[in-house]
Amino acid sequence: MIIEPKTRGFICLTAHPKGCEKNVLNQIEYIKSKPTKNGPKNVLVIGASTGFGLASRITSAYGSNASTIGVYFEKPPTEGRPASPGWYNTAAFETQAHKDGIYAKSINGDAFSHEIKAQTLNLIKEDLGKIDMLIYSLASPVRTHPDTGKRYKSVLKPIGDTFTNNTVDFHTGIVKEISIAPCTDEEIDNTVAVMGGEDWQMWIDLLKSENVLSEDFKTVAYSYIGPSLTEAVYRKGTIGRAKDHLEATAFKITDSLKAINGKGYVSVNKALVTQASSAIPVIPLYISLLYKVMKEEGIHEGCIEQIERLFNERLYDADLQLDEAGRIRVDDWEMRDDIQAKVLELWQQATTETLPDIGDLEGYKTDFFNLFGFNVEGIDYDKDVNEMVEIPGLQ
Ligand code: NAI
Ligand code: NA
């Protein structure tokens, strides 16, 4: 079939298998020339199909030849209806890995559930024995608690006061003010239940009790801080509470892994266009200004560049530096004083009329469509493609 983008609000309902494949192959190419010394060998990636998780899987496999098991929640294709992009990404990754003689298998289902955890545990036992790294890169709007069956929904709201600031609809380029009313206490708890560290801890507890974590095991989850501009809705809002919880969980995990000298880390990453971040108000305007400034400075990075730096200059570097709160920082370039000062200056000038010049709205849009395999260089979108792609390592 011919597959075209079909957008509704912040999501795209279609995905292009060839474009997704090209994105994955480009990331593999990038990593091949940047091996990780003493990198991981047996890696479990939760949230492995898109964004930072996919980049982590590729960096593990092609930076240090690691065997990877990926867990994700993606929609398979049906005749005439394309799959979700993470499906095509995973198919491309596993196909290439198998060609290159690299172990890669995956599980599609709800990582929050006991069932998917048990299935993953069995696969580790059967195929890998033990793992030395677990990447936790879930981004989900909902979580059904595996013990109680209660379904939690996360929200992106300020705490205490109404937040008012500008945002952009990146499809139309219209910059306008929005106001978001403060959340209730219950909404804070719900957001922490979905995006906090409880599920990460559950994975670690299970794998530890089943003795499948090797000596010197490491685990890392991803967090975000960002500028004062977005603070009220992000870091000091409901999602920030969840990130506080996630960060606190890293210390608890380290404590619980003393016997095997295991370590839990949080890495604070840069703001990037992903399916998760497109849905957050104000962030798209911030990102389009940030991209402009960082590209001008020659320090722009995507997911794969971020994770390559995380592995090679942080996690697997003998001299790992942490910030005052014990976190790994690869948002260091985003947060540089000169970068933030320029973004703030541009923010004050940003209107529907000025944004195309002072911001990188085009870069934002391109990255957004790229997530779904569209607008990818070198792909002929007029050509018929088979939507019924299989994932070779899917269990
Ligand atoms: P993403 O939306 O690209 O990836 C989410 C992944 O989680 C996908 O593989 C998806 O299949 C999987 N997933 C979602 N629900 C699932 C479920 N119930 N069971 C199994 N898998 C499920 O998101 P992104 O942006 O890569 O986010 C990953 C982490 O990085 C999040 O914690 C996010 O807060 C953090 N982060 C994101 C930044 C950004 O600007 N995008 C910046 C800094 C941190
Ligand atoms: Na991810």
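The values are calculated or read from the model by the stated rules, or taken from the named source; none is laboratory data. Predicted model only: the values in this text are computed from it and were never measured. We place every Cβ from the backbone using ideal geometry, glycine too, and count neighbours over all the protein chains shown. Heavy atoms of the whole protein, side chains included, go into the accessibility calculation; ligands, DNA and RNA do not. Shrake-Rupley method; radii C 1.70, N 1.55, O 1.52, S 1.80 Å.
Points worth noting:
- Listed by first and then second residue, the pairs with beta-carbon distance under 6 Å, at least 6 apart or on different chains, first residue in the range 73-98 and under 20 Å from T120 (Cα atoms), second open to solvent by less than 40 Å² (accessible area, probe 1.4 Å) and in a strand (DSSP E or B), are G86/Y72; T90/S106; E94/A104; A97/A104.
- Some residue of the range 98-105 being within 23 Å of M202 (Cβ to Cβ) and either of a type outside the set (A, V, I, L, M, F, W, C) or within 20 Å of the chain's Cα centre (by Cα) (or both): yes
- Residue in the range 32-42 that is open to solvent by less than 60 Å² (accessible area, probe 1.4 Å) and within 16 Å of ligand 2 (Cβ to nearest atom) present: no
- Any hit, the range 186-199, residues being open to solvent by 10 Å² or more (accessible area, probe 1.4 Å), touching a strand residue (DSSP E or B) at 6+ places or on another chain (Cβ under 7 Å), under 29 Å from T351 (Cβ atoms) and small (G, A, S): no
- In the range 265-299, the residues that are open to solvent by 20 Å² or more (accessible area, probe 1.4 Å), small (G, A, S) and either touching a helix residue (DSSP H, G or I) at 6+ places or on another chain (Cβ under 6 Å) or away from ligand 1 (no atom under 13 Å from the Cβ) (or both): G298
- Of residues in the range 57-86 being within 20 Å of L207 (Cα to Cα) and not aliphatic (A, V, I, L, M), the one nearest to ligand 1 (Cβ to nearest atom): Y72
- Residue count, the range 120-143 (criterion: in a loop (DSSP other than H, G, I, E, B) and away from ligand 2 (no atom under 16 Å from the Cβ)): 2
- Scanning the range 72-89 for residues that are in contact with a Ser or Thr (Cβ under 6 Å, 6 or more places away or on another chain) and part of a loop (DSSP other than H, G, I, E, B) yields a count of 3.
- Subset tally (residues that are more than 26 Å from L156 (Cα to Cα) and of a type in the set (D, E, K, R)) for the range 197-241: 6
- Residue list for the range 245-264, filter: within 14 Å of ligand 1 (Cβ to nearest atom), surrounded by fewer than 22 Cβ atoms within 10 Å (Cβ to Cβ) and either under 17 Å from the mean Cα position of the chain (by Cα) or free of Cβ contacts under 8 Å to residues at least 40 places away in the same chain (or both): E247
- Hits in the range 12-31 - residues which are open to solvent by less than 30 Å² (accessible area, probe 1.4 Å) and either within 16 Å of ligand 2 (Cβ to nearest atom) or touching an Asp or Glu at 6+ places or on another chain (Cβ under 8 Å) (or both): T14, A15, P17, C20, V24, I31
- Where strands (runs of 3 or more DSSP E) sit wholly within the range 144-184, those with at least 1 residues that are hydrophobic (A, V, I, L, M, F, W, C) and surrounded by fewer than 13 Cβ atoms within 10 Å (Cβ to Cβ) occupy 174-180.
- Selected residue (criterion: farthest from the chain's Cα centre (by Cα)) from residues of the range 215-230 that are modelled with pLDDT of 95 or more and surrounded by fewer than 17 Cβ atoms within 10 Å (Cβ to Cβ): E215
- Failed criterion for R235 (all others in (1) within 18 Å of the chain's Cα centre (by Cα); (2) without any contact (Cβ under 8 Å) to a residue 40 or more places away in the chain; (3) within 29 Å of A61 (Cβ to Cβ) hold): (3)
- Output for the range 34-53, where each listed residue is near ligand 1 (Cβ under 7 Å from one of its atoms) and of a type outside the set (F, W, Y): I46, G47, A48, S49, T50, G51, G53
- Considering the range 101-116, and only residues there that are under 28 Å from G149 (Cα atoms) and β-branched (V, I, T), the residue that is surrounded by the most Cβ atoms within 10 Å (Cβ to Cβ) turns out to be I107.
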